[in-house]
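Only the coordinates and a few stated rules stand behind these numbers; no lab work does. Remember, it's a predicted structure, so these values are computed and weren't measured experimentally. As a convention, Cβ positions derive from the backbone with ideal geometry for all residues, glycine included, and neighbour counts pool all protein chains shown.
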Amino acid sequence: GEDVEQSLFLSVREGDSSVINCTYTDSSSTYLYWYKQEPGAGLQLLTYIFSNMDMKQDQRLTVLLNKKDKHLSLRIADTQTGDSAIYFCAEMDGNTGKLIFGQGTTLQVKP
Amino acid sequence: GAVVSQHPSWVICKSGTSVKIECRSLDFQATTMFWYRQFPKQSLMLMATSNEGSKATYEQGVEKDKFLINHASLTLSTLTVTSAHPEDSSFYICSAQSAGVVIYNEQFFGPGTRLTVL
């Protein structure tokens, strides 16, 4: 079945850039998403990319998609302490429309 | 816009009792709602897909008689955990998909409900 993999933990210093990586297996994915989850809360959609795009930039966020390698990354520029959270990569199964989530990457931002 | 609420935000119950969790889309109509379960430090696992006016579609391994889902209106879906046991303790999150034009198929997520079964 479909699988989405992420590294579990990333620690950066305030002001640095953060790069969170994700790999997926479903070649029929139509959309890929990045969600942010703060402690005890639901998921907030940060950004998404359509599968025929290579890159998308939205203020401090840059998403890169390598469809050949099925690799997705999220870059957060000028990382702030408020960016500390768990970040989930998700793909939309092209056949069922369901979201398949990665395990989540905990981002720790040190002052 | 596109706000989804869940009630209650947390609940503690005794083993053997039933618990109902509500998921509401506050400012849009949702033809489809999804129920997820999240264990500590783990990902979200889809439990079931709920379409308004029809029976829910459960994922493999999810007991439909234990996790009763009702989607009676375009703004409300409920998940009832029947005869809850400690292993049902988890964070339950719902999401809703708008009935209107959806460009990137976004699901709007509720804040989650923490269930603790003693």
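Taking Cα centroids, how far is the stretch B:22-63 from the stretch A:1-70 in Å? Using only Cα atoms to place each centre, the spacing works out to 22 Å.
Annotation for residue B:68 and residue A:108: the two label points, set 7 Å from Cα along the Cα-Cβ direction, are 4.5 nm apart. The residue list B:28, B:105, B:49 was ranked by how far each Cα lies along the charge dipole of chain B toward its positive end, using unit charges on Cβ atoms, and B:49 comes out on top.
When cysteine pairs in chain B are screened for C-beta atoms closer than 4.7 angstrom, the residues that find no partner are B:13. Coupling constants for the stretch A:77-93 follow from the phi torsions by the Karplus curve (6.51 cos²θ - 1.76 cosθ + 1.60, θ = phi - 60°), and in residue order they are 7, 6, 4, 10, 4, x, 7, 4, 4, 9, 10, 10, 8, 8, 10, 9, 4 Hz; glycine and proline get x.
Total lysine pairs in chain A at Cα distances under 29 Å, for residues eight or more apart or on different chains: 14.
If you place +1 on the Cβ of every Lys and Arg and -1 on the Cβ of every Asp and Glu, how big does the dipole about the Cα centre of the protein assembly as shown come out, in debye to the nearest 20?
Using only the charged Cβ atoms, the result is roughly 300 debye.
What the Cβ-Cβ distance of residue A:60 and residue B:31 gives, at R0 = 45 Å and to the nearest 0.05, is a FRET efficiency of 0.85.
If only the Cβ of Lys and Arg carry +1 and only the Cβ of Asp and Glu carry -1, the dipole of the stretch B:1-71 around its Cα centre is close to 260 debye.
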